[in-house]
Structure formats: C-alpha cells, structure tokens
Amino acid sequence: MPEQTLTVSWWWDWVPAAGGDTDERTAWTAALSALLDGWAGDGTSAVLAADLLARADQLAPHCRLVWGMGFLGDDIRWMPVIALVEFREAFPGDSAYLMGAVGAEGFADDVREPNVEYVSTRHGDGVRVIALARTEENGLHGRVDAALRLERATGDLDILVTTRVNGLSRLAVIGDGIDALLNVIADDSPALAAGVL
C-alpha cells in the first residue's frame, strides 16, 4: 500500500481596515462566521471576528491586519495566525535597509541566530526571517518578520509583515505560511495600497 503524505496549505484573509464601511464590516463578519462554521463548527467565529476587528481598529492608516489558518491535509491544524502588514513608500535605490527592519542579523530578544530565507513572488522579491525569541510579555516564542519590495510602474512599494507564534508545531510550518501570505499580498497590494498610502 503506498505511503500517504499529508500536505500543509494556508488560507489568508484581510481584516477590514479601521474606519471602514459598516456594511463591509458586517458582510465580512457574516462571511467569516459562515466560513468557520463550515470548517471548524465550534461556534467561536463571532468572538474571533470581534477580536480581529478591534485589533484592526487600533492600527495606523498605512497598516492592515490579516489572519489565516494552516491546514494539515483537509483539516484545520493552526488557527488563527494573525499578521501585521505595513505598507511603506520604498526608499529610492537600495532595498538593503529592509534586512535591518526584519532583524536578519538578530534582534535583542532573539535567543538563537535567525534563519533567513529569500522569497520570490510574481511582483517582487523579499526576505523572511524566523528566530526564537523571549520576552516578558510572550515568553519563548517564534518571531517571524518578512519584507517584500513590490515593483510597480507607479513606483516601488515596500511591505513589512510581522507575526509571533507559540508552539513548536506552529513554528515548524509558519515559514511556508508567511511565504504564501507574501504571494497573497503581492497579488492584492495594488488595490490595498491605493487605500492605505
């Protein structure tokens, strides 16, 4: 009998921006509830939607919140994963400053040397950094920071992504999850940036 292997896949969704249209937020909440009731069926969708909207309401205008789920085969395994996405006008010329922004050489709270991977999307290249970190607030956790320079006819756009994860199983798969998110951002960013920059 052939050996079965389960694949890990990711699904990501934008949380409506702060100050957004009430109808849009209501529709998003209803869609999230229908989605989670179909996938998870645990009745937590209303609490999650309220929490995500409250977090999004605290962000600066050039930032957006995104949340996702990791699947092992057809089953939800990691949920929710929440990431902050920051849009920046690109510095002219060299994009090397992004390496410092994502802590490619380490941050003060890191307890191990970071793992640095380069990522390509259909609209630009980026870098993803994963490190073990320790803080008073979060204890020992995984730090994931990524940057992407999008190439656009109207001028390049720099995007920073930040998330923190707990648990070794989540840390083991979050790299692929952030890579998938960077591709989602690259595909969606022209419309998103029009509203946040």
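Some observations on this one:
- Residue in segment 144-157 that is touching a helix residue (DSSP H, G or I) at 6+ places or on another chain (Cβ under 7 Å) and among the hydroxyl-bearing types (Ser, Thr, Tyr) present: no
- Residue in segment 43-63 that is under 22 Å from Glu151 (Cα atoms) and of a type in the set (A, V, I, L, M, F, W, C) present: yes
- Residue that is surrounded by the fewest Cβ atoms within 10 Å (Cβ to Cβ) [pool: residues in segment 136-177 that are of a type in the set (Asp, Glu) and part of a strand (DSSP E or B)]: Asp158
- Qualifying residue in segment 94-110 (condition: in contact with a strand residue (DSSP E or B) (Cβ under 7 Å, 6 or more places away or on another chain), under 30 Å from Leu36 (Cβ atoms) and either crowded, with 17+ Cβ neighbours inside 10 Å or among the polar types (S, T, N, Q) (or both)): no
- Pairs, first touching a residue at least 40 places away in the same chain (Cβ under 8 Å) in segment 13-26, second surrounded by 11 or more Cβ atoms within 10 Å (Cβ to Cβ) and among the small types (Gly, Ala, Ser), C-beta under 8 Å, six or more apart: Asp13/Gly68; Val15/Ala56; Pro16/Ala56; Ala17/Ala56; Ala17/Gly195; Ala18/Ala56
- First in segment 113-135 and on the phi > 0 side of the Ramachandran plot and in a strand (DSSP E or B), second anywhere and β-branched (Val, Ile, Thr) and modelled with pLDDT under 95, Cβ under 8 Å, 6 or more apart: none
- Taking every residue in segment 86-101 that is under 18 Å from Tyr118 (Cα atoms) and pairing it with any residue that is charged (D, E, K, R), at least 6 positions away or on another chain, the pairs with Cβ-Cβ distances below 6 Å are Ser95/Arg149.
- Of residues in segment 44-101 being at pLDDT below 85 and in a helix (DSSP H, G or I), the one farthest from Ala172 (Cα to Cα): Ala46
- Test: residue in segment 6-20 that is part of a helix (DSSP H, G or I), buried (at least 18 other Cβ atoms within 10 Å of the Cβ) and at pLDDT below 90: no
The values are calculated or read from the model by the stated rules, or taken from the named source; none is laboratory data. Just so we're clear, the structure is a prediction, and the values are computed from it rather than from any experiment. Note that we place each Cβ from the backbone using ideal geometry, even for glycine, and neighbour counts take in every protein chain shown.
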